[in-house]
Amino acid sequence: MVPRERILEAAARVYAKHGFRGATTRLIATEAEVNEVTLFRTFGSKGALLEAVLMHSVAGTEPLSLPLDPADPLAELTDFIRGNMERVAAMRPMLIHTMGEMEDRPEAQEFACRGRRNIHDTISAYIRRLQELGIADRDADVMAAAVMLMGTVISDVMGRPMVPDVYPPLDKVAAQYARLFLRALGAPATPAALPLSHSTAPNS
């Protein structure tokens with residue numbers, strides 16, 4: 001592994017544990033098993049290093065997608081919700097520190113908001129496609145529905161460790177959220193209930 005990648009991974013671990021203020025260059029250098037001179041030679045400053053960490057975290061994963069031609073909305077949304085919950089859970093420690101530092105560090109705001117914007121746009125496009133196909137209520141508020149679903153995912157992942165008893169069981173929660181979301185949109189949860197031209201049922 002090249003030193004830059006090792007430094008970024010080490011800095012991410014230290015930042016997730018201590019936040020920007022507590023993530024000293026000495027701690028990062030120790031974690032990366034390099035000297036502080038190497039940090040500054042590679043990134044220029046602590047601020048530039050942690051900005052690179054945040055941008056690397058965003059760029060390091062491909063956005064999860066939903067199909068342009070829905071065939072099984074419940075299964076598609078369940079997989080999408082589960083995947084996003086897993087990703088947010090993996091970033092939870094870093095997100096906690098990032099949200100607490102958004103006012104002081106613009107790059108932290110960029111990190112916290114970019115992924116959410118992409119997911120919001122993906123959900124919105126999927127809802128509009130459901131509406132075009134006659135699967136979802138054409139009068140459903142697309143923007144509000146997308147905000148509610150993404151907010152539910154964020155709330156679950158961030159809040160579950162603190163009050164686990166108020167959330168549905170983890171192995172069932174993605175399907176439960178998907179089912180409620182579809183119900184709110186006036187869309188059927190099973191392929192057999194879709195309009196004939198879009199159903200995956202036999203002889204459709």
For Pro63, state whether it is at pLDDT 80 or above, open to solvent by 30 Å² or more (accessible area, probe 1.4 Å), in contact with a helix residue (DSSP H, G or I) (Cβ under 8 Å, 6 or more places away or on another chain) and not in a helix (DSSP H, G or I).
-> no
Can you tell me which of Thr30, Thr25 is open to solvent by less than 30 Å² (accessible area, probe 1.4 Å), over 30 Å from Tyr167 (Cα atoms) and of a type outside the set (A, V, I, L, M)?
-> Thr25
Are any residues in the stretch 151-166 over 14 Å from Arg92 (Cβ atoms) and open to solvent by less than 40 Å² (accessible area, probe 1.4 Å), and if so, which ones?
-> Gly151
Are there any pairs with C-beta distances below 7 angstrom linking a residue in the stretch 144-164 that is within 18 Å of Ala175 (Cβ to Cβ) to a residue that is of a type in the set (Gly, Ala, Ser), with the two at least 6 apart or on different chains, and if so which?
-> Ala145/Ala184; Val157/Ala89
Taking the stated definitions as given, is Leu77 assigned to a loop (DSSP other than H, G, I, E, B), open to solvent by less than 30 Å² (accessible area, probe 1.4 Å), modelled with pLDDT of 90 or more and in contact with a helix residue (DSSP H, G or I) (Cβ under 9 Å, 6 or more places away or on another chain)?
-> no
Which residue pairs have Cβ atoms closer than 6 Å, lie 6 or more positions apart in sequence or on different chains, and pair a first residue in the stretch 1-30 that is farther than 14 Å from Lys46 by Cα with a second residue that is surrounded by 18 or more Cβ atoms within 10 Å (Cβ to Cβ) and among the small types (Gly, Ala, Ser)?
-> Arg6/Ala32
Could you tell me whether any residue of the stretch 15-22 is at pLDDT 75 or above, of a type in the set (Ser, Thr, Tyr), under 24 Å from the mean Cα position of the chain (by Cα) and within 23 Å of Tyr126 (Cα to Cα)?
-> no
Examine the stretch 46-60 for a residue that is open to solvent by 20 Å² or more (accessible area, probe 1.4 Å), touching a Gly at 6+ places or on another chain (Cβ under 8 Å) and either among the hydroxyl-bearing types (Ser, Thr, Tyr) or modelled with pLDDT under 90 (or both), and state whether such a residue exists.
-> yes
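The values are calculated or read from the model by the stated rules, or taken from the named source; none is laboratory data. Keep in mind it's a predicted model, so treat the numbers as computed, not measured. For neighbour counting, all protein chains shown are included, and Cβ atoms are generated from backbone atoms with ideal geometry for every residue, glycine included. SASA here: full protein model, heavy atoms, side chains in, ligands and nucleic acids out. Shrake-Rupley method; radii C 1.70, N 1.55, O 1.52, S 1.80 Å.
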